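The values are calculated or read from the model by the stated rules, or taken from the named source; none is laboratory data. Computed from a predicted model, the values in this text were never measured in an experiment. Note: ideal-geometry Cβ built from the backbone for every residue, glycine included; neighbour counts use all protein chains shown.
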Amino acid sequence: MFFPSACRLFRFIVRTRVRMSPNITSAPTGVLFEGETVEDTTIVAPEIQKEKPQYVRQIVWRNVIIFVYLHLTALHGFYRIFTSAKLTTTIFAFFLYQLSGLGITAGAHRLWAHKSYKAKWQLRLLLTTFNTLAFQDAVLDWARDHRVHHKYSETDADPHNAKRGFFFAHVGWLLCRKHPDVKQKGKGIDLSDLESDPILAFQRKYYMFIMPLICFILPTVIPVFCWDETWSNAYLIPAVLRYVVTLNATWLVNSAAHLFGSKPYDKFINPSENGGVAFVALGEGWHNYHHVFPWDYKTAELGNYRCNLTTAFIDFFAKIGWAYDLKSVSTDMVRKRVERTGDGSHEVWGWGDKDQPQEEREGAIITHQKAQ
């Protein structure tokens, strides 16, 4: 009688320990007791029992309607360039396109998302204004999504995952609800460096008030009062057409530059070197290099300003002292990476990321350092 009772007691202790242990996720011990079968001893962990909810795409019809309207209106504006608009209006629209583009490339992207250089408050204020002109969300929100994009590129946590196709990576990601992984991983991205900036905090707090003024109202009013342009032409060309072109130039970095081009630095990742995208996006098309070295302020291995207006812009402000601590990659580091080709695991959102290798920090070239 003692032996069966002892077996039952031992079985109770084993099972109790399995249930209580916080570090064990698989309960089966492989031991069978009297009267037991394999099915009796198999206990499935709670996290295995709960299947991950299947993602169901939800279209945001409001966004669909807005983007259809904007693109149809932009096409009408393009027609007006050749039929009734003054040349000054077209030049003004092109000028605003450059400024709004720099608000994304030199501002939200290279300065704030990747911390590839630092800027004094005067330049930060200027870039924040340009960024508001671009109307692609406040810098804090843009930078968060972009850091997630670099950390989890081409996965469900990537806001514009290029593996879901060109259309999704280009604009489709804005026409449906975010994948739950995007929100979950986004919560783990450190934004304390940006949240402590009072200029960015002001922009985010009053974004829905200052954005319409800077992005649409002023670009419409200025041509009317400064060179007697018609209200319709002023609205269609410097406001809507310029805005839509800026949007698509930015989107091409997410779509075309992730699908088409060469991969001289890392052949195992999607981002590619795309000169056409670099031309329209002010230097953001050298994307294979950028995803390998996202903390390089040039976003490219270029010794000149070929298709890289943004680098020229940053260098200019470095000369007058508004930009400093410009980070770039040494020739030796680039050579080693090219020879190694990488394995696709170099996932950092920019300078200072916890996963950035120490050798990169020590080998980086930092120019125009601020005097102590």
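Worth pointing out:
- For the stretch 50-95, residues that are under 24 Å from residue 179 (Cβ atoms), among the basic types (Lys, Arg) and at pLDDT 95 or above total 1.
- Looking only at the stretch 289-310, and only at residues there that are in contact with a Phe, Trp or Tyr (Cβ under 6 Å, 6 or more places away or on another chain) and not in a loop (DSSP other than H, G, I, E, B), the one that is farthest from residue 278 (Cα to Cα): 292
- Single residue of the stretch 123-178 satisfying the filter (aromatic (Phe, Trp, Tyr) and out of contact with any helix residue (DSSP H, G or I) (no Cβ under 6 Å at 6 or more places or on another chain)) that is nearest to residue 258 (Cα to Cα): 166
- For residue 133, the stated conditions do not hold, so it cannot be described as aliphatic (A, V, I, L, M) and closer than 30 Å to residue 371 by Cβ.
- Scan of the stretch 316-341 for residues that are crowded, with 17+ Cβ neighbours inside 10 Å and under 15 Å from residue 367 (Cβ atoms), ordered by number: 317, 318, 322, 323, 324, 325, 326, 327, 328, 329
- Residues within the stretch 169-226 that are in contact with an Asp or Glu (Cβ under 8 Å, 6 or more places away or on another chain) and of a type in the set (A, V, I, L, M), tallied: 2
- In the stretch 257-274 there is at least one residue that is free of Cβ contacts under 8 Å to residues at least 60 places away in the same chain, assigned to a helix (DSSP H, G or I) and crowded, with 24+ Cβ neighbours inside 10 Å.
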